[in-house]
Amino acid sequence: MTDARSAWPAVRQQIERSIGADAFANFFKLIEFEGVSDDGRLLLSAPTGFLATWTERHYAPEVLRAFRDEGVSAVLLQVCQRSARKIEKPAVEEPPAPPEPEPAPESLQPIEPRPPVSPKLPILDVALVQKIVARFYGIEWRDILGSSRRMHFVRPRQLAMLVTRIVWPTRSLPDIGRRFGGKDHTTVLHAVRKWSARYENDDAVRDEVDELLALVRAVAAGEVGLQDVQRRDEPPAPPPRAYAGAV
């Protein structure tokens, strides 16, 4: 039987092929192998508790299947948050990643997304995430960047901060705040803590955030366009009305 740790590099490659390079880079790249528990569970770790929960909920079947394909008998998976100290040293040595695009200049307004390499695949940056969230809640992009305290704007703005933190878990809070209209890092920290706790304890919030993350993933992968993102509370189109006596 193959050792689980030695199988991990091949498992990561299989996951990347399965979910695509963009989704892998945004949601799975920072996941590390930790070991096997006494009761036989495979133990993985993520840099944030939120990303750990997301990975376990959405990728557990694919991860377990990939391990089995590599000859590792496993039926249970657990993903936990690792300490900040450990994030700096990956469990698996990988070839250096290609350099990321230069970050946007620091300003009170995030710059427009850079022109995509392919017409079908936009560059996933903070501004694009903000626009996806804005369309999802039926508000303007400027409302995400603004300072209105109306709940109609505060909730989407805070959830956009949370999604940004999940997609880029190593991005600093001050940097995220600057890209949200120059907000202080404490504002971002409050939003992340508030909605992370609600995600853990409220099924409706969990479904809402999962839907947002799935949209970000779909837009980044070119499966849907930004213009296709529908307002969350937008009712479906009614079916054609049938009239009595119609032939």
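Residues that are at pLDDT below 85 number at least 2 in the following helices (runs of 4 or more DSSP H) confined to the range 27-137: 49-69, 84-87. Residues that are among the hydroxyl-bearing types (Ser, Thr, Tyr), buried (at least 16 other Cβ atoms within 10 Å of the Cβ) and modelled with pLDDT under 90 do occur in the range 198-210.
Remark: residue 242 falls outside the filter, which requires a residue to be of a type in the set (A, V, I, L, M, F, W, C) and either within 20 Å of residue 137 (Cβ to Cβ) or at pLDDT 90 or above (or both). Taken together, the criteria exclude residue 160 from residues that are without any contact (Cβ under 8 Å) to a residue 12 or more places away in the chain, surrounded by 13 or more Cβ atoms within 10 Å (Cβ to Cβ) and of a type in the set (Gly, Ala, Ser).
Every test in (1) surrounded by 15 or more Cβ atoms within 10 Å (Cβ to Cβ); (2) under 15 Å from residue 14 (Cβ atoms) is passed by residue 54 save one, and that test is (2).
The values are calculated or read from the model by the stated rules, or taken from the named source; none is laboratory data. Note that the coordinates shown come from a computational prediction; the quantities given were computed from them, not determined experimentally. Cβ coordinates were reconstructed from backbone atoms using ideal geometry, including for glycine residues, and neighbour counts include every protein chain displayed.
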